[in-house]
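Data first, discussion second: the structure below is written as structure tokens.
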Amino acid sequence: MGKREIRKREQREKKRVAAERVDVLFTLAERVFPYEPELSDRYVEIALAVQRKAKIRIPRKWRRRYCRRCHSFLVPGVNARVRLRSRPYPHVVVKCLKCGHIMRLPYLREKKERRNLWRPRRARSESGPSEGSS
Ligand SMILES: [Zn+2]
């Protein structure tokens with residue numbers, strides 16, 4: 001195995017470990033929130049620092065659980081308001097009640113699957129009248 005492959009493998013391992021740490025930190029943030037919400041915010045800061053350094057994405061699961069502006073840990077019904085909207089595209093609206101920041105998170109994937117399930121197969125022959133013979 002060449003040096004390059006080893007390096008690549010190391011990078012992948014680093015990212016995996018970072019993703020795990022991010023998950024642990026958010027889990028902790030959720031756990032301590034009822035007692036010490038400031039500590040939750042601290043965990044979010046650390047998780048975001050890990051995320052930035054490793055250049056990974058915040059897992060889908062936690063993406064709507066922190067404010068992108070003030071970095072507070074968000075709990076729907078406590079310090080965040082969550083609404084579903086289908087127009088102009090399906091998305092979740094999360095409002096941070098601490099700083100008022102509004103985030104729109106699309107959830108296209110789930111919706112697209114459903115749409116494909118329900119969409120009827122349309123025949124091509126429905127087009128205009130003077131199409132000639134085709
Ligand atoms: Zn905020």
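The values are calculated or read from the model by the stated rules, or taken from the named source; none is laboratory data. Here the structure is a predicted model, which means the values were calculated and not measured. Keep in mind that these areas ignore ligands, DNA and RNA; they rest on the heavy atoms of the full protein, side chains included. Shrake-Rupley method; radii C 1.70, N 1.55, O 1.52, S 1.80 Å.
Rolling a 1.4 Å probe over the protein chains gives Leu39 an accessible area of about 50 Å². Computed from the alpha carbon positions, the gyration tensor of segment 1-68 leads to an equivalent ellipsoid with semi-axes of 29, 10, 9 Å, biggest first. For segment 9-22, putting each phi into the Karplus relation 6.51 cos²θ - 1.76 cosθ + 1.60 with θ = phi - 60° gives couplings of 5, 4, 4, 4, 5, 4, 5, 5, 5, 4, 4, 5, 5, 4 Hz, in residue order, rounded to whole numbers and with x for Gly and Pro. Using a probe radius of 1.4 angstrom, the carbon and sulfur fraction of the accessible surface of segment 1-101 is 51%.
At 1.4 Å probe radius, can you tell me the per residue accessible area of segment 31-103 in Å²?
With the other protein chains kept in place, segment 31-103 gives 65 Å² per residue.
Quick one: of Lys15/Lys61; Lys15/Lys95; Lys55/Lys98; Lys8/Lys53, which pairs are farther than 19 Å apart, Cα to Cα? From Lys15/Lys61; Lys15/Lys95; Lys55/Lys98; Lys8/Lys53, over 19 Å: Lys15/Lys95; Lys55/Lys98. For the set Tyr66, Tyr89, the ranking by accessible area, highest first and with no ligand, DNA or RNA atoms included, is Tyr89, Tyr66 under a 1.4 Å probe.
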